[in-house]
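> My questions all concern the structure below.
The values are calculated or read from the model by the stated rules, or taken from the named source; none is laboratory data. Just so we're clear, the structure is a prediction, and the values are computed from it rather than from any experiment. Quick reminder, even Gly has a Cβ in these numbers, built from the backbone with ideal geometry, and neighbours come from all protein chains shown. The protein model used for the area step is the full one, side chains on, heavy atoms only, and it has no ligands, DNA or RNA in it. Shrake-Rupley method; radii C 1.70, N 1.55, O 1.52, S 1.80 Å.
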Amino acid sequence: MTTKAPEMTRNGHELAPLNSRNGPEGGKPGVTIVLQGPRGSIISRGSGPIEDPDRAAWSGKMQFFLSIIGYSVGLGNIWRFPYLCQQNGGGAFLIPFVVMLILEGIPLFLIELGIGQKMRLGSLGVWNTIHPWLGGIGISSCIVTFFVALYYNVIITWCFYYLFNSFQDPLPWQDCVVVNGTPVPECDKSSATAYFWYRTTLDAAVSIEDPGAPRWWIVLCLLLSWIIVFFIVMKGIQSSGKVVYFTSMFPYLVLTIFFIRGITLNGASAGLAHMYTPKVEKLLDPKVWLEAATQVFYSFGLAFGSLIAFGSYNTPKNNCVRDVILVSICNALTAIYASVVIFAILGFKAVSNVAKCTDDNKHIMINNIPFFANLKLANINDSMYSEGLSILNNTTPDLLRECSLANELDGAAQGTGLAFIVFTQAIVELPGAPFWAVIFFMMLLSLGIGSQIGILEGMLCTIFDIEIFKRIRKQYVTAIVCIICFSIGMIFTTGAGEYWLKMFDSFAATIGLVVVALMEMISVIYVYGHERFTKDIQDMTGIKPGIYWQVTWRFLAPIIMIVILVASILSMVREHPTYEAWIGDQGKAVKTVYPGWVLAIAISMIAAGVLPIPIVFLLRRYQCLKMDINIHEGSIRRIDTTVSTKEMITDVDLDDDEDVSPLGEYHDDDSDDDDGPQVNSRLGKSFRMEVIDDY
């Protein structure tokens with residue numbers, strides 16, 4: 001009589017039940033011999049199929065969908081897409097955006113989600129399984145993701161600081177700081193919101209070369225950010241999967257509240273008209289199409305390894321094609337919806353600023369034109385105002401301010417400037433400003449944390465694909481990663497923190513990600529094989545990808561990514577990179593050239609994100625690393641179907657003279673095997689043998 005072995009847990013990783021001491025039939029201990037080709041074809045001898053009980057899985061379809069939405073819909077939808085629409089043709093920009101979404105974003109999205117679901121591995125495991133020579137893709141993806149995780153959490157840090165300061169009435173950035181009855185000159189020359197951002201929050205240095213000591217208030221907020229992120233991701237999707245219900249849905253609630261309030265404000269129509277009025281002539285500018293392709297690429301979070309990790313937690317029969325289409329539509333509509341909300345509010349802010357500017361000019365007229373001396377502001381109508389402008393323009397034009405609605409709307413910034421300067425000024429104008437500030441920064445926190453969860457999940461999933469880390473509790477590895485990120489992130493808490501963040505954003509997450517994405521596409525379509533991947537999708541979903549998928553996978557998407565890569569490199573070479581340094585005496589940010597040593601760091605980050613691909617290829621191509629034979633005694637390895645094979649793991653007794661090709665097919669091979677597994681001369685690929693003792 002045999003007893004069922006209990007389910008065991010080792011360091012947080014689930015283990016399959018061991019065979020009993022006497023084996024499944026009361027005989028000798030079972031021994032499983034696994035022949036695994038470089039493309040992952042697996043045939044076992046001496047045992048039945050071995051499942052993967054240690055692989056995490058989504059608790060439901062809604063959890064997966066919200067996790068993908070929370071990761072893909074991020075801060076870029078709020079502060080980059082509206083800016084791009086405004087600068088690149090208004091409503092006409094939607095045309096190249098949708099075209100690039102269809103030709104580039106959706107095809108690569110399905111490749112990452114589909115290959116992760118099929119192989120049920122993280123980024124490192126997927127590319128090693130397709131071919132050992134491609135293992136560097138997973139390493140590059142992990143390194144680039146690490147760089148992004150470093151600075152992305154700093155944005156969350158700033159949101160926390162603003163959130164804490166939003167529980168005041170009036171808001172601390174509503175008016176300039178007054179000393180001895182007069183406003184601080186730095187604030188008077190800029191604005192209250194700009195002063196609060198650059199001086200109160202960042203205490204900005206004059207250059208990246210003079211950062212000063214870390215600002216303690218930012219250090220505390222950064223520590224809080226990493227502690228919260230750690231507790232969310234420390235158990236993988238078992239812990240983060242519960243948080244996404246809030247981080248994914250709360251931003252839509254806030255956007256809807258702002259939408260209802262925004263469209264009722266005076267000036268909302270002016271903001272929307274300014275943003276979405278199509279400028280068709282812009283479509284002839286190649287830069288507009290490049291901007292659209294880049295925005296699609298980054299809005300989906302492609303090449304971080306996160307989508308592969310998310311897909312690996314799905315069931316083998318999940319309809320990933322439907323998921324890709326739904327998430328893509330949701331992502332695009334969210335960006336458009338957020339743009340409507342943002343520019344409705346900015347239109348209100350612009351109209352308010354023009355009204356204040358006009359009142360200031362009327363005060364100047366009352367003080368400098370005798371005819372206006374005894375008039376009140378309300379008594380100066382439009383015709384009188386125009387007459388006063390003509391008089392002062394002919395006598396003392398320097399006294400007047402230019403009050404232009406178009407200039408106010410054109411001044412809308414992107415990135416941190418939009419969130420922490422422009423939009424905060426608009427919030428000040430709203431009745432009940434503290435309430436709007438609180439929910440706005442809570443929304444930014446939700447978007448940021450949702451994306452940070454996905455970024456870290458992609459990196460940690462890659463780390464846990466490495467055998468040595470499987471022996472350590474997930475919480476410990478996650479804690480070490482967070483501590484390292486916090487320690488390096490201290491550079492962002494200095495006076496030059498924003499300058500360093502912009503440098504990381506410009507270099508660490510550009511060329512490296514595009515190279516990784518291009519190699520992913522080539523690896524799946526041309527190494528793994530587009531026909532095989534097509535069959536995988538059909539097996540998983542019941543739907544065979546048609547001509548659209550074939551054309552975009554094989555030709556259009558790779559070409560678009562090559563164009564993005566070349567254009568990015570040429571742009572960096574042709575235009576010397578600059579950053580905007582805050583000059584307090586002038587009350588404005590001035591473009592400043594990066595010093596040489598900073599550019600050297602930037603180039604090093606690009607190299608760190610790209611070089612693992614050729615290095616691993618060369619090391620394994622010329623067998624500089626011993627990688628063909630890997631024997632694990634007394635341990636259990638997951639050897640379930642992780643790639644496209646015709647059959648599930650099967651028990652097949654092989655004759656001594658039989659061999660297994662990398663494609664999982666049997667053939668005779670008379671070659672000498674004294675030196676271990678041989679390289680198939682026709683395909684030029686090797687396989688490895690694992691011996692697993694189930695005793």
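> Once you charge only the Cβ atoms, +1 for Lys and Arg and -1 for Asp and Glu, what is the size of the charge dipole of the range 60-185 about its Cα centre, to the nearest 20 debye?
That gives a dipole near 460 debye.
> Still on this structure, please answer the following. Considering only DSSP states other than H, G, I, E and B, which trypsin sites (Lys or Arg not before Pro) in the range 273-378 qualify as loop sites with at most 15 other Cβ atoms within 10 Å?
Lys279, Lys317, Lys376
> To the nearest 10 Å², what's Leu556's accessible area with a 1.4 Å probe?
Number for this one is 60 Å².
> Follow-up. As an exercise, take the mean of 1/r over every pair of distinct alpha carbons in the range 215-258, invert it, and state the Kirkwood radius in angstroms.
12.1 Å
> Using a 1.4 angstrom probe with every protein chain in place, what is the largest-first accessible-area order of Ser191, Ser59, Ser312?
Values: Ser191 35, Ser59 95, Ser312 0 Å².
Largest accessible area first, the list is Ser59, Ser191, Ser312.
> Can you pull out the GluC sites (Glu not before Pro) in the range 320-409 that DSSP calls coil and that have at most 12 other Cβ atoms within 10 Å?
Values: sites: Glu387, Glu402, Glu408; in loops: Glu402.
Loop-located and lightly packed - Glu402.
> Rg/Rh for the range 280-319: what does it come to with C-alpha atoms and Rh from Kirkwood?
Ratio value, two decimals: 1.28.
> Over the Cα atoms of the range 474-522, each weighted equally, I'd like the Debye log10 I(q)/I(0) at q = 0.21 Å⁻¹, rounded to two decimals.
For the requested q values the scattering log ratios are -0.84.
> Let me ask something else. Just want the answer: with Cβ charges of +1 for Lys and Arg and -1 for Asp and Glu, which residue in Ala479, Val524, Phe435 is farthest toward the dipole's positive end in the range 426-545?
In the range 426-545, that residue is Ala479.
> Let me ask something additional. How big, in percent, is the set of alpha carbon pairs in the range 363-428 lying more than 18 Å apart?
Taking all Cα-Cα pairs of the range 363-428, the fraction more than 18 Å apart is 53 percent.
> Say each of Leu283 and Val99 gets a label point 7 Å from the Cα, pointing the same way as Cα to Cβ; how far apart are those two points in nm?
About 0.7 nm, to one decimal.
> Quick one: accessible area per residue over the range 133-247, 1.4 Å probe, rounded to a whole number of Å²? Mind dumping the intermediate values first?
Numbers: 4660 Å² over 115 residues.
It amounts to 41 Å² per residue over the range 133-247.
> Give me the compactness ratio for the range 72-222, meaning the Cα radius of gyration over 2.2 N^0.38 Å.
In units of the globular-protein estimate, the range 72-222 measures up at 1.51.
> Once the Cα atoms of the range 246-286 are picked out, what are the Rg and Dmax in Å?
15.2, 42
> Shifting gears a bit: Could you bin all the Cα-Cα distances of the range 294-426 into 10 Å bins starting at 0 and give me the percent of pairs in each, rounded to whole numbers?
10, 26, 19, 16, 11, 9, 7, 2, 0
> What is the gain in length, in nm to one decimal, between Ile466 and Asp203 on full extension, counting 0.36 nm per residue of separation less the C-alpha to C-alpha distance?
90.5 nm is the gain from fully extending Ile466 to Asp203.
> Sorted from largest down, give the three principal axis spans of the alpha carbons of the range 495-602, whole angstrom values.
Ordered largest first, the range 495-602 gives principal extents of 65, 26, 22 Å.
> Right, another one. In whole Å, largest first, what are the principal axis extents of the Cα atoms in the range 165-274?
Dimensions of the range 165-274 along the principal axes of its Cα atoms: 55, 45, 29 Å.
> Quote the convex hull volume per residue of the range 393-513, based on C-alpha atoms, as a whole number of Å³. Could the numbers behind the result be given before it?
Working: hull volume 22.6 nm³, N = 121.
So the per-residue hull volume is 187 Å³.
> May I pose another question? For q values of 0.13, 0.20, 0.24 Å⁻¹, compute log₁₀ I(q)/I(0) with the Debye formula on a Cα-only model of the range 258-337, without solvent.
Here log10 of I(q) over I(0) equals -0.68, -1.04, -1.20.
> In addition: Using 0.36 nm per residue of separation minus the Cα-Cα distance, give me the extension gain between Ser487 and Phe167 in nm, one decimal.
112.3 nm
> Once both labels are modelled 7 Å past Cα along the beta-carbon direction, what's the Arg574-Ala607 spacing in nm?
2.6 nm
> Taking the C-alpha atoms of the range 420-475, how large are the radius of gyration and the largest Cα-Cα span, Dmax, in Å?
19.1, 57
> In whole angstrom, and with the biggest value first, how far do the Cα coordinates of the range 111-199 range along each principal axis?
Between the extreme Cα coordinates on each principal axis of the range 111-199 lie 71, 23, 17 Å.
> Could you give the length gained by full extension between Phe246 and Cys330, i.e. 0.36 nm per residue of separation minus their alpha carbon distance, to one decimal place?
Taking 0.36 nm per residue and subtracting the Cα distance, the gain is 28.5 nm.
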